[in-house]
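Shown next, in structure tokens, is the structure this report addresses.
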Amino acid sequence: MNFKLIVFSSLLTAIIGATIGFAVGELFKPKFSSQIYQDIHRQYSVIGGVGGLVVGGCQEVIRQLKKQRDEEDRERREASVQKGESE
């Protein structure tokens, strides 16, 4: 597996998730003034970033495992075709 690609994909989707979380926090900012609601955009950014990190990493791992499995299937089919020709 290409771990550099997994890390890159994770970080890229984490940045996208954090940006979306920040935007959601700013767009739907509550009108309350208690301490919990003052930094709501920061909390949404962290949640979006962590969610993006997990989703991006999982998506890239699945993509690489599928590619690996497809290559193994192709090699297996080629071997069975060659075995059938040699008989």
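Read-outs throughout are calculated quantities, based only on the coordinates presented, and are distinct from any laboratory measurement. These numbers come from a predicted model, not from an experiment. Glycine also receives a Cβ, built like all others from the backbone with ideal geometry; neighbour counts cover every protein chain displayed.
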- Message: Just to compare against my own numbers: the Cα pair-distance distribution for region 1-49, 10 Å bins, whole % per bin, please.
- Response: 29, 37, 20, 11, 3
- Task: Let me have the 222 nm mean residue ellipticity of the chain computed from DSSP H runs of 4+ only, each contributing -39500 (n - 2.57), with the sum over all residues rounded to the nearest 500.
- Result: -31000 deg cm²/dmol
- Query: Which lysines have a Cα lying under 25 Å from the Cα of residue 83, excluding residues fewer than 8 positions away in the same chain?
  - Reply: 67
- Task: Quick one: compute the contact order of the chain, relative version, from alpha carbon pairs under 8 angstrom and 6+ residues apart, as a percent.
- Result: 39 percent
- Query: From the phi of every residue in region 40-57, what ³J(HN,Hα) in whole Hz does the Karplus formula 6.51 cos²θ - 1.76 cosθ + 1.60 yield, where θ is phi - 60° and glycine or proline is x?
  - Reply: 5, 5, 5, 5, 5, 5, 5, 4, x, x, 5, x, x, 4, 5, 5, x, x
- Query: Does anyone have the angle between helix 3-27 and the longest principal axis of the chain? Alpha-carbon axes, 0 to 90°, nearest 10?
  - Reply: 30 degrees
- Task: Report the full-extension gain for the segment residue 69 to residue 26: residue separation times 0.36 nm, less the Cα-Cα distance, to one decimal in nm.
- Result: 11.1 nm
- Counting only Cα, what are the radius of gyration and maximum Cα-Cα distance Dmax of the chain, in Å? 22.3, 81
- If the convex hull is drawn through the Cα atoms of region 26-73, its volume per residue in Å³: 64 Å³
- Task: Note down the nm distance, to one decimal, between modelled labels 7 Å out along Cα→Cβ at residue 4 and at residue 82.
- Result: 3.0 nm
